[in-house]
Structure formats: structure tokens, C-alpha cells
Amino acid sequence: MLVFVLATLLATPAASETLEGALMRAYQTNPVLNAERSRQRGTDENVSIALAGYRPQIAAGFSPSLIAVRDLLVDGSTASATLRGYTAQITINQILFNGFKTGNQVRQAESQVQSGREALRGVEQAVFLDAATAFENVVASQALVEAQRVNLAFLRETLASTRKRLEAGDVTPTDVAQAEARLARGTADLNAAEVNLAISQALYEQIIGVPPGYLIPAPPIDRLLPTVRDQALAVARRENPAVLGATYDIDVAQYAIRVAESALYPTISAQGYLLNTQNTDVNLGTVKSNQAGVIGNLNIPIYDGGQAAAQVRQTKEVLSQTRIVLDRVRTQTAAAVVAAWVTNEGAKIAVTASESEVRAATIALEGVRREAQAGQRTTLEVLNSQQDLISAKARLIGAQRDRVVASYTLLSAIGRLDHRNLGLATPSYEPQTHYQQVRDVWHGLRTPAGQ
């Protein structure tokens, strides 16, 4: 046992990891967060797609022909010929006016980008909260395993001492049986703690990306939290990504109405073309023809069966739904902030109470052990006092874990659990960088990443 403890202590500095390091690794490698970044890059392309409505559409066509002709003449003879020709055409179409549809589609796409960025920030906060929870679960599980090992060592020592006292006639076989029963329970409790530790380590690796080493317990994140509950609610209304995203969704729905209304306006477009036709039919007066022209088109909708009107009504109902969703999100966010606030405050009380319980249980155990040595206490009372102490330690470990997780939960509820507010020393992923790279791209199949 001594060799194992020394080896653990020597290995700890090299394998130790802080919560900040775990969060940085999750920020860089978490698959859920990286997938959301890819989704947002795809959303950025909607702006470029909408801007294409301002640009000309150019098409080229080429139609070669090969015609075999066999004519029966009046005198009964025949004449055969092979006619070869082609038609080549370049057409340019430009929309001049489409009821402001393109402009509203661009603004709608830009609002979708803003909403998507808030969704990305929400996923980042969820990943950080999961990472902090997984980190603290491993810390708590490691501490509980160590506590159960100390408890098991104590129970073994107690059993050995009780057996010696039995040989000396100071106790009865009942005392030995009680010590053996508690040792068996301690063994089972240690096994359960080790199982929970293995599960926590697996979940940690799933979220962080690497197996945990020795994790250094992290303090609560109180330095970034508001001091009063009303302040927390005000910050959440301004900064919570779910609220901000739902606000941008209203803009998206409003522009959708204007896009639908554009179908009721006239459309004006212009078309320019170059046409070259060549044939070898000697019966035709023209062997080769070149044409160039510009055509203007005016299309005025009169009646489309009510389709456009129905689409306008539909988008208005979607806007009403989106506004209701925003109200619901605000209510849910406020409830989440209140719940996180009271949970965090309750966790503070729980830690203080658990620390007092452990101190009292430790003093009680020492007193019971001295009294047992003097013959004033039974072995069962010593075992019960030890069980009280290990239960108090387990509650303290759980309370300390809950205290840290509750502080990060509150920070997430108000919308500030992101890499900037945490001050993580990691390269920042800036979604606007990709947006600027693709917004005004006129052509090209490769993404900015080279795919």
C-alpha cells in the first residue's frame, strides 16, 4: 500500500489537469461543437445564395446537327447529301426588379446568420457545462474512491484489533462478526465507488476527448457571477443566446413576409444573347447567320389562383408563432436563472453544513475509539461512528461537486459561459471570419478550408 501511494504521488504532477485545461481541450476538439461550427458555415452560404439574385445569369448552348438527306427526283433518280450544321448561343439574363425579393432574401439570410451564431454560442455553453460537470464528476468519484479506501483500511484494522481482543477475552464473537460485516460492506462500497469512477472517466473522455489523468479540484466560478438575483435576470435577458437567437428569428420571419409579398409585384428583367447558326443545306438562302439582341421582359401577375396570398398569410402566422416562441424562451430562461440561482445558494449552505458534519463526526469517532479502548464503548459503536464519518465525507464530496457545477450552471443560464468570459488561453473560433470569406464570392467550388 505504501508503494502504491508513493507511486501515485510521484505520478500526480505529470498527469495533473485543471478544469481550465479541460475546457480548452473541449473547445478545440469536442465533436458536438465542431459539428455546430460546420452547420454555421453552411448557414453563412445562404447570404451568398441570396446575393446571387443581384447578379447576371449566363448560359451557353451548342447544338450540332448531322442530317442525312435522300431525295427522289422527278426523272426517277435519287440524290443524297449529308448536311452538317450547328447552333451556338450565349444568353445573359439580368433581373432588374422582382418586388424587392432579392433584397429581402439577403436581409433574411443575414438574420439567419445572426440567429445561427447565437445557436453556436448556446452549443458552446452547453459543451462547457457538460465538460465542467464531467470534470467534477471525476474529481468527486476519485475523492470518494480514496475515502472508501481509507474507510476499508480502518475497518480492516478494527477487525484485526477486535480479533486480538477476542483472544484476550475482552470482547465476544458477536463483536468480531459485526466488524466482519462492516468490512464486507466497506468492500462493496469501494467497488461501487470504483465502478462510478470508471463511468465518470468514460463520460469525461467522450466530452473532453482524452482520458482523465489526476484532476485538480476546481473552485466555483463566483468571480464571474452577478451578486444579486435581479442582476442575473437582467443579464440573461440581454445575453442569453437562446433569447437573442429567438429575437433574430423574428427578423427572419418578418423578412419572409416581404419575400412572399414580392410575388404580387411585377417583375422586370433583361436578356441579352449572341446566336450563331451555320448549315450546309444549299436549298436555303442563308448558309450562316449571326444574331445579337437585347430583350426586355415585364411580367405583371394578375391572378395565380390565390397561391401568393396564401403564402403571405402563412408567413404572417409563422411570425406570430415566432413571437410566442420568444416570449416562451424568455420565460424559460428566467425560470432557469432563478432555479440556477437558488441551487447555487443552496449548494453554498450544503458545503458549509457538510464541512461542519465532517468535523463533528471526526471528533466523535476519536472520542468513541478512546472510550472503547477504556471499555466504555462497544465495537459496534465504533463501527457506527466510522460509518457516520464516511457518510459525512461522501456528502461533503457530493456537496463540493454540486457547488462547482451549480456555479457553472448559473453562469450558463445568464449566457456568459463562453471562452471569452472564462478567459481561456486558446485560439478563438470567430464565425464572422468564414462569413466574410464567402459572402461576396462569385464563383468557386472549394470552401475556404480547401474542401
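The values are calculated or read from the model by the stated rules, or taken from the named source; none is laboratory data. Remember, it's a predicted structure, so these values are computed and weren't measured experimentally. When we count neighbours, we look across all protein chains shown, and the Cβ atoms used for this are built from the backbone with ideal geometry, even at glycine. SASA here: full protein model, heavy atoms, side chains in, ligands and nucleic acids out. Shrake-Rupley method; radii C 1.70, N 1.55, O 1.52, S 1.80 Å.
Overview of results
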{"item": "Of all residues in region 34-65 being open to solvent by 60 Å² or more (accessible area, probe 1.4 Å) and of a type in the set (Val, Ile, Thr), the one that is nearest to the chain's Cα centre (by Cα)", "result": "ILE49"}
{"item": "Residue list for region 363-382, restricted to those being in contact (Cβ under 8 Å) with a residue 40 or more places away in the chain and either under 18 Å from ALA353 (Cα atoms) or hydroxyl-bearing (Ser, Thr, Tyr) (or both)", "result": "THR378, THR379"}
{"item": "Pairs, first in contact (Cβ under 8 Å) with a residue 40 or more places away in the chain in region 383-405, second of a type in the set (A, V, I, L, M) and not in a helix (DSSP H, G or I), C-beta under 6 Å, six or more apart", "result": "VAL404/ALA218"}
{"item": "Qualifying residue in region 353-370 (condition: within 30 Å of GLY169 (Cβ to Cβ), of a type in the set (A, V, I, L, M, F, W, C), assigned to a loop (DSSP other than H, G, I, E, B) and modelled with pLDDT under 95)", "result": "no"}
{"item": "Some residue of region 106-117 being over 30 Å from ALA308 (Cβ atoms) and surrounded by fewer than 21 Cβ atoms within 10 Å (Cβ to Cβ)", "result": "yes"}
{"item": "Test: ARG313 is touching a helix residue (DSSP H, G or I) at 6+ places or on another chain (Cβ under 8 Å) and more than 30 Å from ARG395 (Cα to Cα)", "result": "no"}
{"item": "Selection status of LEU298, part of a helix (DSSP H, G or I) and either open to solvent by less than 40 Å² (accessible area, probe 1.4 Å) or more than 18 Å from ARG258 (Cα to Cα) (or both)", "result": "no"}
{"item": "VAL138 vs. criteria touching a helix residue (DSSP H, G or I) at 6+ places or on another chain (Cβ under 7 Å) and under 30 Å from TYR248 (Cα atoms)", "result": "no"}
{"item": "Residue in region 247-264 that is farthest from SER320 (Cα to Cα), counting only those that are out of contact with any Leu (no Cβ under 7 Å at 6 or more places or on another chain) and open to solvent by less than 20 Å² (accessible area, probe 1.4 Å)", "result": "SER262"}
{"item": "First in region 297-308 and over 19 Å from GLN94 (Cα atoms), second anywhere and of a type outside the set (Ser, Thr, Tyr) and open to solvent by 100 Å² or more (accessible area, probe 1.4 Å), Cβ under 6 Å, 6 or more apart", "result": "ALA308/LEU264"}
{"item": "Of all residues in region 182-209 being in contact (Cβ under 8 Å) with a residue 40 or more places away in the chain, open to solvent by 30 Å² or more (accessible area, probe 1.4 Å) and farther than 17 Å from THR133 by Cβ, the one that is farthest from the chain's Cα centre (by Cα)", "result": "ARG182"}
{"item": "Tally, over region 406-426, of residues that are loosely packed, with under 11 Cβ neighbours inside 10 Å and in contact (Cβ under 8 Å) with a residue 12 or more places away in the chain", "result": "1"}
{"item": "Members of region 90-104 found to be over 30 Å from LEU275 (Cβ atoms), in contact (Cβ under 8 Å) with a residue 40 or more places away in the chain and open to solvent by less than 60 Å² (accessible area, probe 1.4 Å), listed by number", "result": "GLY99, ASN104"}
{"item": "Residues of region 69-89 classified as out of contact with any Lys or Arg (no Cβ under 7 Å at 6 or more places or on another chain), open to solvent by less than 90 Å² (accessible area, probe 1.4 Å) and in a strand (DSSP E or B), total", "result": "11"}
{"item": "The listed residue being touching a residue at least 24 places away in the same chain (Cβ under 8 Å), open to solvent by 60 Å² or more (accessible area, probe 1.4 Å) and either within 30 Å of ASP230 (Cα to Cα) or among the aromatic types (Phe, Trp, Tyr) (or both), out of TRP341, TRP442", "result": "TRP442"}
{"item": "Residues being part of a helix (DSSP H, G or I), small (Gly, Ala, Ser) and loosely packed, with under 12 Cβ neighbours inside 10 Å - total across region 161-176", "result": "1"}
